[in-house]
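Encoded as structure tokens, the structure appears first; notes follow it.
The values are calculated or read from the model by the stated rules, or taken from the named source; none is laboratory data. Values in this document were obtained by computation on a predicted structure and should not be read as measured data. Cβ placement follows ideal geometry from the backbone for every residue including glycine, while neighbour counts extend to all protein chains displayed. Quick note on the areas: whole protein, heavy atoms, side chains included, nothing else; ligands and nucleic acids left out. Shrake-Rupley method; radii C 1.70, N 1.55, O 1.52, S 1.80 Å.
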Amino acid sequence: MLVISTALRSSATKSAARGLAVSRNYADFASEATFETKKCDCFLLETLPPTTAVLTREQGLSYYKTMQTIRRMELKADQLYKQKIIRGFCHLYDGQEACCVGIEAALKHEDHLITSYRDHAFTFTRGVPVKHVLAELTGRRSGCAKGKGGSMHMYTRNFYGGNGIVGAQIPLGAGVAWACKYNGTGGVCVAMHGDGAANQGQIFETYNMAALWKLPCIFICENNRYGMGTSVERAAASTDYYKRGEFIPGLRLDGMDVLCVREATKFAAEYCRAGKGPILLELQTYRFHGHSMSDPGVSYRTREEIQEVKRTSDPISLLKEKMVNSNLASVEELKDIDVAVRKEIEEAAQFATTDAEPPMEDIANHIYYKEPPFEVRGCHPWIKYKSVC
Amino acid sequence: MAALRSLLSVGKNAVPVLLRREFHGTAPATLQVTVRDSLNRALDEELERDEKVFLLGEEVAQFDGAYKVSRGLWKKYGDRRVIDTPISEMGFAGIAVGAAMAGLRPICEFMTFNFAMQAIDQIINSAAKTYYMSGGMVPVPIVFRGPNGAAAGVAAQHSQCFAAWYGHCPGLKVVSPWSSEDARGLLKAAVRDENPVIVLENELLYGVAFELSEEAQSKDFVVPLGKAKIERQGNRITLVSHSRMVGICLEAATVLAKEGIECEVINLRSIRPLDIAAIEQSVMKTNHLVTVEGGWPMFGVGAEISAQIMEGPVFNHLDSPVYRVTGADLPVPYAKNLEECSLPQMKDITFVVKKSLCNKL
């Protein structure tokens, strides 16, 4: 099973386009190309990430496939939600793919990440296969949290969710960074939040402690311009989120350019690993869907705005353009990837809609860890569940 | 030196504390140890035993602890293991929970549990629920500890009892020690437990000395969570209590014994899991039950015990309704005379015991 994060991080030998009918000789393509990236706005920093980035063909295909997988996965979730197969909350990430893919491309095996409820994409890039993400959304036993968590509570190795309470993940992320420092692993923790969460008090408490104790924490604000239905101008006295750390250095950059995100995250990770303390990144991005599936997303922003962003700044189109124009890949090759991804998502959705619900015996499990079996009260005194693990 | 410092830091009702015993390999006898010292010793032993354990909170390091519970620990273990935090309960509780998720074993001190209300989202939503929401992938081995309930003259905002609030939540374990043996054994068990444990200490008990048996002094002594202790045997009526009120119950039992009423006094030790079986066992013998707690009456510990006893197998053993003695249903006042009436006194317990014994169903 292809581990997405490894593929993104390393220059793995296997091409993401393996198994496709090749209409062109691979020798026709460039093996790499160099691109200009927009200069980051900086705060309290003397050096900046580079304004050029090298993209190998391999990396490009990998980033493209991953972003496309996320896009199709989220659109599939939209479809399943409208069919009422997914219930409750469902916060979709389409439009923001360059953020999670760029971040993952810059991280190492010993690094950690935590995010908010808009977490399906990160769950995937951190290593959970699409079918287990979708099965969690549909509440089945093969869901990555055994169907117990749902959309907002997905976890895997070095990935701490998926958090439902706005802003709560930031102190948690700093705590993970604390553990990295305490254990001397050299790892960093990336703690994600949105423009809405940026006004949470606990984030400022965390900035203070992270800076005081020089925690290896990369705070990242995904500024998609709207906290639910409230635009940044209506929520924030200052929309310079990258300066919110006051005494923590910050960078503001284009979150629709996967290379820009990757280079900035690499820069930030080096900064933290050097023991300089935390750093704050603001990624300017955009969500195509509303805040969640119960929000059409057009009462507080115009359809024209959404269309404009889709037309000019879709991160997948931007990467595609880069790759085709610099001969890193052909249009047909990328189309073949699209087809393969669609098939993969269909199969995953098929799995997620046919897998069984969690067994009733599981209802009282996972309350306590390493606890001898005990009884759990049900809805009345005559219902007793057994908790065995 | 240690004894002098202990003597200076004890509260009222204190018994002079002997010097800490040294490990000479000879058989130690029982000792009189204050709750404070036994907590201190327990923290020291757990920090020594497991490198992943660390203590954070306001004033725990260089101040030796706001109530001196962590005295000497920073000097011994240094900045890495004993950490002074800024006044940021929500922030540092969240950091502690994150560290636990990443595999460390933090002990997060709140100066009082009143201040933990600021952090309660991290305690409930991040700590208590995560193991369940993750389908068993992310355990959270954390201890939240600090003084709970009324002190003396600290008024409403500093006197609330949170036993019922935390006891309400699945995913948490909640303990409420009374004696030095309780404090030591429950704290050690809490640190070693793989789950989030709330340790509700009591400021007025810190300076009270209790006998610590030889067994209780050993480094691996733990009091199992979820098991109550019968502090006094009796056959006429069962008194169930936790924390400081256990002592008041025992005082009441002494007075009542002179009138020929032998009370069985149960020290809950744990609020969650609640040892209802121990209470049921006792009620089968005595047929009368009175619960005693410092917290407010509505939706409280006594309310829960009453409901479970009624629903359970020993309802028919009751010769009287279960009565609750609780804090008065009002914010705790400051003036001494008013404060006294807002918290259970011994006379309240003896009064209710007699009511219970006179009342026939």
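What the table below lists for this structure:
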| quantity | calculated |
| --- | --- |
| Packing rank of A:121-127, B:316-322, where each peptide gets the mean count of other beta carbons within 10 Å, highest leading | A:121-127, B:316-322 |
| Scattering curve values for the protein assembly as shown, log₁₀ I(q)/I(0), Debye with Cα scatterers, q = 0.06, 0.07, 0.11 Å⁻¹ | -0.43, -0.57, -1.14 |
| Antiparallel DSSP beta bridges within chain A, as percent of all bridges there, nearest 5 | 40 percent |
| Gaussian network model of chain A, Cα within-10 Å springs - most flexible of A:Y300, A:Y81, A:Y226 | A:Y300 |
| Amide H contacts of B:L212 (H built 1.01 Å from N, under 5 Å, at least 5 apart or other chain) | B:L31, B:Q32, B:V33 |
| Accessible area (Å², per residue) of the protein assembly as shown, counting only protein heavy atoms and a probe of 1.4 Å | 41 Å² |
| Magnitude of the charge dipole, the range A:40-111, Cβ model with Lys/Arg +1 and Asp/Glu -1, debye to 20 | 620 debye |
| Cβ-placed point charges (K, R +1; D, E -1), dipole of the range B:28-93 about Cα centre in debye, nearest 20 | 180 debye |
| For the range B:259-361: Kirkwood Rh in Å [reciprocal of mean 1/r, alpha carbons] | 14.5 Å |
| Cβ-based charge dipole, the range A:318-374, positive-most Cα from A:I345, A:Y369, A:P359 | A:I345 |
| Computed Kirkwood radius, in angstrom, where 1/r is averaged over Cα pairs of the range A:268-364 | 18.5 Å |
| Calculated over the range B:108-167: convex hull of Cα atoms, volume per residue (Å³) | 73 Å³ |
| Top positive-direction residue, dipole computed over the protein assembly as shown with Cβ charges, set A:H112, B:S159, B:G91 | A:H112 |
| Amide proton proximity set for A:E282, modelled H, under 5 Å, gap of 5+ | A:C221, A:L251, A:R252, A:L253 |
| Interface residues in the range B:56-86 - accessible area drops by 20 Å² or more relative to the isolated chain, probe 1.4 Å | B:R80, B:I83, B:P86 |
| Compactness of chain B, expressed as Rg and Dmax over alpha-carbon positions, Å | 20.1, 62 |
| Buried solvent-accessible surface, both chains (A, B), 1.4 Å probe, Å² to nearest 100 | 3600 Å² |
| Positive dipole terminus of chain B, leading residue within B:P106, B:L55, B:G247 (C-beta point charges) | B:G247 |
| Candidates B:S176, B:S126, B:S70, ranked by Gaussian network fluctuation over chain B, Cα under 10 Å, top entry | B:S126 |
| Listed residues B:A119, B:A190, B:A257, most fluctuating in chain B (Gaussian network, C-alpha, under 10 Å) | B:A257 |
| Cut-off under 5 Å, modelled amide H: who pairs with B:I83 long-range | B:L55, B:L56, B:G57 |
| Those GluC sites (Glu not before Pro) in the range B:32-140 that DSSP places in a loop and that have at most 15 other beta carbons within 10 Å | B:E51 |
| Karplus 3J(HN,Hα) series, Hz, for the range A:245-258 with 6.51 cos²θ - 1.76 cosθ + 1.60 (x for Gly, Pro) | x, 6, 10, 10, x, x, 9, 10, 8, 6, x, 9, 10, 4 |
| Size of electric dipole in the protein assembly as shown: Cβ of Lys, Arg +1 and of Asp, Glu -1, about Cα centre, debye, nearest 20 | 580 debye |
| Dmax and Rg, reported as Rg then Dmax, of the range B:178-274 (C-alpha, Å) | 14.2, 47 |
| Radius of gyration and maximum dimension Dmax of the range B:27-90, Cα, Å | 12.7, 46 |
| Size descriptor, Kirkwood hydrodynamic radius, that averages inverse alpha-carbon separations across chain A, Å | 21.7 Å |
| From phi via Karplus (6.51, -1.76, 1.60), per-residue ³J(HN,Hα) for the range B:218-232 in Hz, x at Gly/Pro | 6, 5, 9, 6, 10, 9, x, 6, x, 10, 7, 10, 8, 7, 8 |
| Candidates per trypsin sites (Lys or Arg not before Pro) in the range B:194-256, loop by DSSP, up to 16 other Cβ within 10 Å | B:K219, B:K227 |
| Entries of A:K84/A:K320; A:K181/B:K52; A:K38/A:K320; A:K148/A:K310 with Cα pairs more than 23 Å apart | A:K84/A:K320; A:K148/A:K310 |
| Qualifying trypsin sites (Lys or Arg not before Pro) for the range A:218-321 [loop in DSSP, other Cβ within 10 Å: at most 13] | A:K276 |
| The range A:264-317 - convex hull of the alpha-carbon atoms, volume per residue in Å³ | 119 Å³ |
| Solvent-accessible area, 1.4 Å probe, carbon plus sulfur percent, for the range A:80-139 | 51 percent |
| Backbone HN-Hα couplings from phi across the range A:187-202 [Karplus 6.51/-1.76/1.60, Hz, Gly and Pro as x] | x, 10, 10, 9, 10, 8, 8, x, 5, x, 5, 4, 8, 6, x, 5 |
| Over the range B:316-361, equivalent-ellipsoid semi-axes from the Cα gyration tensor in Å | 28, 11, 6 |
